[in-house]
Amino acid sequence: MNDTIFVVGHRNPDTDSVCSALAYARLRSRQGLEGVVAARAGYLNRQTEFVLEQLGAETPQLVSDVVPRVGDVVKQPAVTIQSGAPLVWALDLFHRYDIGLLPIVDSGGIALGMLSLRQVADKFLVGGQEQSMRRILTSPAVLARCLHAERFTADLCGEVQDFDLYVGAMAFKSFCERMAGLDSKRLLVITGDRDDIQLHAAKLGVRLLVVTGGQPLSPEVIDTARQNGVTVLATSFDTATTASLARLSTPVDSLMITDFPMAAMGESLETLRYRLLDSSQPGVLVLDDSGKVLAVATKSTLLQPPPIKLILVDHNELGQAVPGADRVEILEIIDHHRLGNLHTDAPIRFINQPLGSTCSVVAGLYKSAGIVPDAQTAGLLLAGLLSDTVMLKSPTATECDRDLCGWLAALAHLDPQEFGRRMFRAGSALAAYGSMTELILADFKEYSQEGRQFGIGQVEVVSFDEFYEKRARIATSLMELCRDRALDLAGLLVTDIVRATSLLLLAGNSELMVRIGYPRLDDGLFELKGVLSRKKQLLPHVLKILKA
């Protein structure tokens, strides 16, 4: 089965993040990469919803996390054995499926315990006292099935009992001496074509008499056995094989581990790792909610690579990536931001260009590959470009962005100015958010610098009036965000796209707010004339303050 390769943007996805994921997934698919799926690491904002609806594009798959789970690496269904089955059947399964652990289940598949090949080996291959080696726990019915035996006397009892095994291979006199004083009702005697030993065992009233080699039994032996309540079985196996199979007719329950470690398919692979390494048992049973066995996980399971890989777009910091990104393979990064703290185990394709949007970078990759995007894909790339560059008014916009804007608009059959105004109008209504926290987090990015943690959200409006109406509630939510996420500073950059200027509302460390350097309008509120870009204008300024 092919791996799934998620092309995914940052948490709290914006239009550039979502549209670049869709467009780049399409590009890589056209280039022959299999298993590519466009994804998003959060819910869509109103602007992005508008873009997808207007262009008739699909919504990328929501991926809450890519934390590898037990179900990602455990693919083979479990080979199980039912309670009451003999050990010889378990050995057959161990050999046939090349496994070392068997779950023991009831008739409904519910886990009762487990059996390891090592347990069976320790039981039958490690030497012990003669008496313990003679002891066999089985039932006449199960023994008959293991030996493919023919029954000559009483009905076969299915009750598991303790037997003492003796093989009648010595001289008749020695056999009689050996039998003297033993509890005949515990005796399981195995012998070959020895009429004298067969008859003596029948006269003693042993519990079970097994005749090997496929030899016929004399009527006298059969009649005597019936009179004394002896169960007589005849098998075609030789005496040595019969003795081995008799010992292996012991039910698996006799060696069953009932205190076994368990896991669920949805648990993280890390949890499974700790459970395996912390247990003295050779494996973990993977169960469903009802207790049915789905699979068996062993230490070799941990060597299986997760079937999920990532291509990150519009970010390159783990703090902004979908949760679990540090536990799966990252194949590529396509971005236009500063370099963060992400590390990889192997070289990857990393394209980071100083353009106004990631969609601009992706559009350039289409051109360099000689692939012309269809009208819908061109529209998506245009939307991401216009959104991140604030309709090319942001200082992050470059001549390359402007050239790409014209190229994409022609392919999409869209007027970039008219389409851009409709986009921002659709996403500018603050009343659309259910709470002020939701408003702040709709496009919120967290950063770390000089041991300080801070986060800044951004929202575009067509007038500051709607912001002032909600300012007090937004300030309260920012303070709560500082507390809940242990941030030194939390802010919301409110950008008026008509006037091409912004306001910054801050909460948190008062010393840092004093050092912010922008004109102060009120407590925690600052005027940022001409500032449109969080990345290129506000973020470098904040980082400089933190370094000071």
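Each value in this text was obtained by applying a stated rule to the coordinates, not by laboratory testing. Quantities reported herein were computed from a predicted structural model and do not represent experimental measurements. Positions of Cβ are backbone-derived with ideal geometry, glycine not excepted, and every protein chain shown enters the neighbour counts.
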*In sequence order, what are the phi-derived ³J(HN,Hα) couplings for the stretch 349-361 according to the Karplus relation 6.51 cos²θ - 1.76 cosθ + 1.60 with θ = phi - 60°, rounded to whole Hz, with x for glycine and proline?*
7, 10, 10, 10, 10, x, 10, x, 7, 5, 4, 5, 4
_(i) 171; (ii) 145; (iii) 203, with the label sought being that of the calculated volume of the Cα convex hull per residue in Å³_ = (iii)
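Give, rounded to the nearest 20 debye, the magnitude of the charge dipole that the stretch 390-477 has about its Cα centre when Lys and Arg contribute +1 at Cβ and Asp and Glu contribute -1 at Cβ.
For this selection, approximately 220 debye.
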*When DSSP assigns beta bridges and you keep just the ones with both residues in the stretch 121-271, what percent turn out antiparallel, to the nearest 5?*
30 percent
_With +1 assigned to the C-beta of every Lys and Arg and -1 to the C-beta of every Asp and Glu, and no other charges, what is the dipole magnitude of the stretch 140-250 about the Cα centre in debye, to the nearest 20?_
160 debye
*With no solvent and one point per C-alpha, what does the Debye sum give as log10 I(q)/I(0) for the stretch 403-468 at q = 0.13, 0.16, 0.21 Å⁻¹?*
-0.58, -0.75, -0.90
_Stokes-Einstein D (µm²/s) once Rh is taken as the Kirkwood radius of the stretch 283-350 over alpha-carbon pairs, at 10 °C in 1.306 mPa s_ = 110 µm²/s
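Relative to the Cα centre, what is the charge dipole magnitude of the chain, using +1 at the beta carbon of each Lys and Arg, -1 at the beta carbon of each Asp and Glu, and rounding to the nearest 20 debye?
Using only the charged Cβ atoms, the result is roughly 620 debye.
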*Two-decimal Rg/Rh of the stretch 430-547 from alpha-carbon positions, Kirkwood Rh?*
0.92
*Output the Kirkwood hydrodynamic radius of the stretch 140-250, Cα pairs only, in Å rounded to one decimal.*
13.5 Å
*Please give the calculated 222 nm ellipticity per residue for the chain, where each DSSP H segment of at least 4 residues contributes -39500 (n - 2.57) and the sum is spread over every residue; nearest 500 deg cm²/dmol?*
-11000 deg cm²/dmol
_Could you tell me the center-to-center distance, by alpha carbons, between the stretch 475-489 and the stretch 180-199 in angstrom?_
85 Å
_Length-normalised contact order for the stretch 430-547 - Cα pairs under 8 Å, 6+ apart - percent_ = 22 percent
